[in-house]
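To start, the structure under review is shown below, and the notes come after it.
Readers should treat all values here as calculations from the given coordinates under stated rules, not as data from a laboratory. Note that the structure is predicted; figures quoted are calculated from it, not measured. Positions of Cβ are generated from backbone atoms using ideal geometry, with glycine treated the same way; all protein chains shown enter the neighbour counts.
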Amino acid sequence: MSRYLMNTYARLPVAFTRGEGVWLWDTEGRRYLDAVAGVAVCGIGHAHPRLAQALCQQAQTLIHTSNLYRVPLQEQLAERLCALSGMDNAFFCNSGAEANEAAIKLARLYGHRKGIETPIIIVMERAFHGRTMATLTATGNRKVQAGFEPLLGGFARVPYNDIRAVEQVGEHNRNVVAVLVEPFQGEGGVQVPEATYLERLRAVCDRFGWLLMLDEVQCGIGRTGQWFAFQHTRMLPDVITLAKGLGSGVPVGACLARGAAAEVFKPGTHGSTFGGGPLACTAALTTLAVIDEERLLENAAGIGRLMLESFQERFSGIAGVVEVRGQGLMIGIELNRPCQELVQWAMESGVLINVTADNVIRLLPPLIITREQARQVVDTVVSVVTRFLSNEARKTWS
Ligand SMILES: *Cc1c(COP(=O)(O)O)cnc(C)c1O
């Protein structure tokens, strides 16, 4: 580990030098099946030739001009994202946290325009929205916040998947202006709410005049088998935030808005030097084109269902496995004990997996994954989990 890097990550002792599709090769030439995809970033796989070519060409043409001028690729990307999502306009930035910062600022400004001096945004327990001061305050995880006090004011927290709790805040607090929520929680342990949750949230927001703001940074861009996770329902949010899968690893984030929310920002109210530059927009436009042309939504939905069903089948009745859940290629396997060491075990078997919220195995494979490759992930995970649970049992008996 380099002493020249700030100590912000407990990194695994492996480095990759090359990728192709779902595969990564390390410095020793060992090959791994990447079922993390750079944390839901590399949806179209590593080193997609079409993306590589588009980026090369754009780099040779124009990388940056700033938002002092029109950026035609940014206008194209905004139009495409609006067509896919039903939103009216877009603001571009460089990360998920920044996309959520934009949404938080938008909601506060929306409140001030309505004469609310201290606007409040309802956020959820176990939520993850980023590491900037506003987004770590919105995050529902003390570990993310501890040591960074004073946190920001202007947030009220309720349990996830609990409509009544949201209504109760509204009944007691006239300053609420918005709800910020992940359609499926990622870092919080791949939490899947009731199927009607978003639609009922929409109804509550309409009743109180609040904005419904969806953090689709992780679950958006095809991850769950639809372009956006809210498209599993029949409602439209007011604001959507995107990042991870949007640029296939080239940093790009977006805050999309609709209706009154789309009219909030004016020149001078928000901005970003790098946001929506030609290179990032090329990455995003190419990513969207590849998802479309390679029919990756269908693939994510179909392979995701297969994986979920085989896990459910093979783990049924196994003591220690609490639940298998997910949507599309966002899959969580909750164990009844912390299981971080499984990451190392699976890596030794040639598969990259992730563990989040201490005891939830999280799989976020590239959207291009084939049946065969999905079977390899399932076989490896079932095998390491089985070994892990029996080892643990032996430990407690001895
Ligand atoms: C990763 C993530 C973020 C933060 O994105 P960064 O690009 O790391 O700032 C925000 N929200 C959700 C749901 C995420 O998964």
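Tell me what the chain gives for mean residue ellipticity at 222 nm when only DSSP H runs of n ≥ 4 count, each as -39,500 (n - 2.57), the sum divided by the residue total, rounded to 500 deg cm²/dmol. Walk me through the intermediate numbers first.
Numbers: 12 runs with 151 residues, N = 398.
Result for the chain, helices only: -12000 deg cm²/dmol.
Decide, for the chain, between rounded, prolate and oblate: order the square roots of the alpha carbon gyration tensor eigenvalues as a ≥ b ≥ c, take rounded if a/c falls under 1.5, and otherwise choose prolate if a/b is larger than b/c, else oblate.
Numbers: a/c = 1.71, a/b = 1.23, b/c = 1.39.
In terms of gyration-tensor shape, oblate.
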> If you plug each phi of region 33-46 into the Karplus form 6.51 cos²θ - 1.76 cosθ + 1.60 with θ = phi - 60°, what whole-Hz ³J(HN,Hα) values come out, in order, with x for Gly and Pro?
Replying inline: 8, 8, 9, 10, 6, x, 6, 6, 9, 8, x, 8, x, 7
>> Spelling out what I want: for every residue of region 11-16, take phi, set θ = phi - 60°, compute 6.51 cos²θ - 1.76 cosθ + 1.60 (Karplus), and round to whole Hz; glycine and proline get x.
In response: 7, 6, x, 9, 9, 9
> Within straight cross-link reach of residue 266, meaning Cα distance under 26 Å, which lysines are found once same-chain residues fewer than 8 apart are removed?
Replying inline: 105, 114
> What is the distance in Å between the Cα centres of region 140-187 and region 262-293?
Replying inline: 27 Å
> With the Cα gyration tensor of region 107-262 giving a ≥ b ≥ c as the square roots of its eigenvalues, does the rule (a/c under 1.5 for rounded; else a/b larger than b/c for prolate; else oblate) give rounded, prolate or oblate?
Replying inline: rounded
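Quick one: of the DSSP bridges fully inside region 1-125, what percent are antiparallel, nearest 5? Mind dumping the intermediate values first?
Numbers: 8 of 8 bridges.
Close to 100 percent.
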> By per-residue mean of other Cβ atoms within 10 Å, what is the highest-first order of 195-208, 252-265?
Replying inline: 252-265, 195-208
> Counting Lys and Arg as +1 and Asp and Glu as -1, what is the net charge of the other residues whose Cβ lies under 9 Å from the Cβ of residue 330?
Replying inline: +2
> Which helices count as membrane-span-like in the chain under these terms: full DSSP H, at least 15 Å along the axis by C-alpha, Kyte-Doolittle mean of 0.5 or more?
Replying inline: 278-293
> Once amide H atoms are placed 1.01 Å from N in the peptide plane, what residues at a sequence separation of 5 or more from residue 89, or on another chain, have their amide H within under 5 Å of its amide H?
Replying inline: 257
> How many angstrom lie between the C-alpha centres of region 1-24 and region 332-349?
Replying inline: 19 Å
> Arranged by the count of other C-beta atoms within 10 angstrom, fewest first, what order do 95, 383 take?
Replying inline: 383, 95
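Ranked from highest to lowest mean number of other Cβ atoms within 10 Å per residue, what is the order of the peptides 267-275, 324-332, 104-112?
Values: 267-275: 13.4, 324-332: 24.4, 104-112: 21.8.
Highest-to-lowest ranking by the protection proxy: 324-332, 104-112, 267-275.
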> Counting Lys and Arg as +1 and Asp and Glu as -1, what is the net charge of the other residues whose Cβ lies under 13 Å from the Cβ of residue 355?
Replying inline: -2
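Under the rule a/c < 1.5 gives rounded, and otherwise a/b versus b/c splits prolate from oblate, where does region 249-345 land using the Cα gyration tensor?
Values: a/c = 2.50, a/b = 2.06, b/c = 1.22.
Prolate.
How charged is the neighbourhood of residue 148? Take every other residue with its Cβ under 13 Å from the Cβ of residue 148, and add Lys/Arg as +1 and Asp/Glu as -1. All intermediate terms of the calculation are to be shown ahead of the outcome.
Working: positive: 131, 142, 143; negative: 149.
Surrounding charge for residue 148 is +2.
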>> Mean-square fluctuation check for the chain, GNM, Cα pairs under 10 Å: which of 307, 235, 124 is largest?
In response: 235
> Given H placed on each backbone N at 1.01 Å, which residues far from residue 155 in sequence or on other chains put an amide H within less than 5 Å of it?
Replying inline: 121
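Take every DSSP beta bridge with both residues inside region 49-293 and express the antiparallel ones as a percent of the total, to the nearest 5. Walk me through the intermediate numbers first.
On the way: 10 of 24 bridges.
Of those bridges, close to 40 percent are antiparallel.
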> Ordered by packing density, taken as the mean number of other Cβ atoms within 10 Å over each peptide's residues, highest first, how do 370-378, 168-176, 62-70 rank?
Replying inline: 370-378, 168-176, 62-70
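Report the calculated FRET efficiency for residue 206 and residue 269 (r = Cβ-Cβ distance, R0 = 41 Å), to the nearest 0.05. All intermediate terms of the calculation are to be shown ahead of the outcome.
Details: r = 25 Å, r/R0 = 0.62.
Between residue 206 and residue 269 the formula returns 0.95.
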